[in-house]
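Participant: Have a look at this one before I ask anything.
The values are calculated or read from the model by the stated rules, or taken from the named source; none is laboratory data. This one's a predicted model, so the numbers in the text were calculated from it and none came from an experiment. In this analysis, Cβ positions are derived from the backbone assuming ideal geometry, glycine residues included, and neighbour counts consider all displayed protein chains. For the accessible areas, the whole protein counts, side chains as well, though only heavy atoms, and no ligand, DNA or RNA atoms are used. Shrake-Rupley method; radii C 1.70, N 1.55, O 1.52, S 1.80 Å.
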Amino acid sequence: MKKTQGCAATPLSCRDGVKGGATISILFIISLFIGMTACKGTHKATDMAGTSPFVQRQGTTFVVDGHDYRFVGTNFWYGAILGSEGQGGDRERLYRELDKLHELGLDNLRILVGSDGERGITTKVEPTLQVSPGVYNDTILAGLDFLLQEMGKRNMKAVLYLNNSWEWSGGYGFYLEQAGAGRQPRPNEDGYGAYMQAMSKYATNEKAHQLFYDYVRFIVNRTNRYTHVAYADDPTIMAWQIGNEPRAFSEEAKEPFAQWLSEASALIRSLDKNHLISIGSEGIWGCEGDTALYERVSADENIDYLNAHIWPYNWNWAKQDSLKENIQRSCDNSGEYLKEHVRIAQKLQKPLVIEEFGYPRDGFQFGCATPTTARDEYYDYIFSMAMGDSTVRGCNFWGWGGEARPVHEQWQVGDPYCGDPAQEAQGLNSVFDCDSSTLQIIRKHNGK
């Protein structure tokens, strides 16, 4: 394991150096000043050369510590909950999961900062972080701090997303309710049509935006209680994401949606000059199928890299009763989808990260004993395509279930956290530590 390195350590080491030397060259003083200035966040995260410990963008590539940075990672949305000492917390499990991920070479983790709103909703992650606007569950904040500390020790990188267009962590619906829009529909109770129609109002609700911006300021300005390093100065964080799969949800909302993304990214940049920023988008699918809209929001000066998510089963490319039979169709459609995103990324001269993809287990079963023949074939295809294109700099599968095993098909309080959020069947897309054939494929491509 490697001890966390970061800018926060520089002022102390520099002061020690001054005390120990009788004479200091002008060159050393200049170098010291430049180093301390950089640590205060005065440099921008994009297109920077050098040996910074922060992940930076150079054209369509990432660099860190002066070296090319390319990764195979995973989604680990529940990491902050595991790191807490309250409901759902399990630091011993967190140690084991991080060690296993590190051993597999999965050193880039995409993580939910925290969920929003009341508890007791069966399709929502709990415990929640933001109970009501500006009221926070401190145990989850401590869990996020602890998670980042432990990731830093293992030289891992975190991508932290701040919002969600889906109900499983509150997100859009929470902010609309708190802005006075009344109870918002829930897909499992009211249907996805009603839900999406309601969520399309978020793009134009200024009060909801301001409540979200207050949350962004609180999180991005935070200082880790364990490492005493400000989040903005912590190289363990690779990037901030505006949200998980933010969408316009209607034709009419496209323009205000684009404006909101631009406003949100500008706010994050004003608070943190060190870290990369991305949208967290599914890609063209998340822009209502509008390629021009996806290119436009990705071209924003504060967006450092592009995202794409791919879900063959969710997008009806594969069916429950014919997962194996639909694998070729799923691969072909995924390939065409990715090629268009690579084209846009090359045009914008920004990297592309495939940060979500998944495929159900054989027979649409959820237990660890079920084979993963079709999934393994799909994983192998996506990893091969990603590694075969230099514009794709990262690939995070969804999601890590690790040592958890589903107890109920629908998550219940007290069940272990799998890779599947509460509104989905537990084990549907999770990769468990017993999935030896899938882990072998992950190892193979990480080796490349």
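Participant: So in the stretch 341-375, with the set limited to residues that are surrounded by fewer than 16 Cβ atoms within 10 Å (Cβ to Cβ) and charged (D, E, K, R), which one is farthest from Gly394 (Cα to Cα)?
Facilitator: Taking the candidates together, the pick is Asp362.
Participant: Is one or more of the residues making up the stretch 68-78 closer than 25 Å to Tyr305 by Cβ, over 14 Å from the mean Cα position of the chain (by Cα) and in contact (Cβ under 8 Å) with a residue 40 or more places away in the chain? Lay out the reasoning, then the answer.
Facilitator: Here is the first cut: in the stretch 68-78, the ones closer than 25 Å to Tyr305 by Cβ are 68-78.
Filter again for over 14 Å from the mean Cα position of the chain (by Cα), leaving 68-70.
If we keep only those that are in contact (Cβ under 8 Å) with a residue 40 or more places away in the chain too, we end up with 69-70.
Looking for residues that are closer than 25 Å to Tyr305 by Cβ, over 14 Å from the mean Cα position of the chain (by Cα) and in contact (Cβ under 8 Å) with a residue 40 or more places away in the chain, one finds at least one in the stretch 68-78, hence yes.
Participant: Also, I was wondering about something else. Please count how many residues of the stretch 95-129 are within 19 Å of Cys418 (Cβ to Cβ) and not in a loop (DSSP other than H, G, I, E, B).
Facilitator: 12
Participant: Here are some residues: Leu141, Leu148, Leu160, Leu112. Which one is under 27 Å from Phe54 (Cα atoms), within 18 Å of the chain's Cα centre (by Cα) and surrounded by fewer than 23 Cβ atoms within 10 Å (Cβ to Cβ)? Write out each step before concluding.
Facilitator: Working: Leu148 fails: surrounded by fewer than 23 Cβ atoms within 10 Å (Cβ to Cβ); Leu160 fails: surrounded by fewer than 23 Cβ atoms within 10 Å (Cβ to Cβ); Leu112 fails: surrounded by fewer than 23 Cβ atoms within 10 Å (Cβ to Cβ).
When all the criteria are applied, what remains is Leu141.
Participant: Continuing with the same structure: Taking the stretch 380-397 as the search range and keeping residues that are surrounded by fewer than 24 Cβ atoms within 10 Å (Cβ to Cβ) and of a type in the set (Phe, Trp, Tyr), which one is farthest from Leu109 (Cα to Cα)?
Facilitator: Step by step, filter the stretch 380-397, then rank; the result is Tyr381.
Participant: List, please: which pairs have Cβ atoms under 6 Å, are six or more places apart or on different chains, and start with a residue in the stretch 148-161 that is closer than 21 Å to Gln56 by Cβ and end with one that is assigned to a strand (DSSP E or B) and aromatic (Phe, Trp, Tyr)?
Facilitator: Qualifying pairs under 6 Å: Leu160/Trp240.
Participant: Follow-up question, since we're still on this one. Return a yes/no flag: does the stretch 186-197 have any residue that is of a type in the set (Phe, Trp, Tyr) and modelled with pLDDT under 95.
Facilitator: Here is the first cut: in the stretch 186-197, the residues of a type in the set (Phe, Trp, Tyr) are 192, 195.
Filter once more, keeping what is modelled with pLDDT under 95: 192.
Yes, the stretch 186-197 contains at least one residue that is of a type in the set (Phe, Trp, Tyr) and modelled with pLDDT under 95.
Participant: Take the residues of the stretch 221-269 that are open to solvent by less than 30 Å² (accessible area, probe 1.4 Å) and acidic (Asp, Glu): which is nearest to the chain's Cα centre (by Cα)?
Facilitator: Per the stated criteria, the residue is Glu245.
Participant: Considering Ala318, Ala308, Ala374, Ala369, which residue is within 21 Å of the chain's Cα centre (by Cα) and either among the aliphatic types (A, V, I, L, M) or more than 30 Å from Trp260 (Cβ to Cβ) (or both)?
Facilitator: Testing whether each residue is within 21 Å of the chain's Cα centre (by Cα) and either among the aliphatic types (A, V, I, L, M) or more than 30 Å from Trp260 (Cβ to Cβ) (or both) leaves just Ala308.
Participant: Where in the stretch 166-258 are there helices (runs of 4 or more DSSP H), lying fully within it, with 3 or more residues that are under 26 Å from Ala422 (Cα atoms) and in contact (Cβ under 8 Å) with a residue 40 or more places away in the chain? Let's see the steps before the verdict.
Facilitator: Numbers: elements: 171-176, 187-190, 192-199, 206-220.
By residue number, 171-176, 192-199, 206-220.
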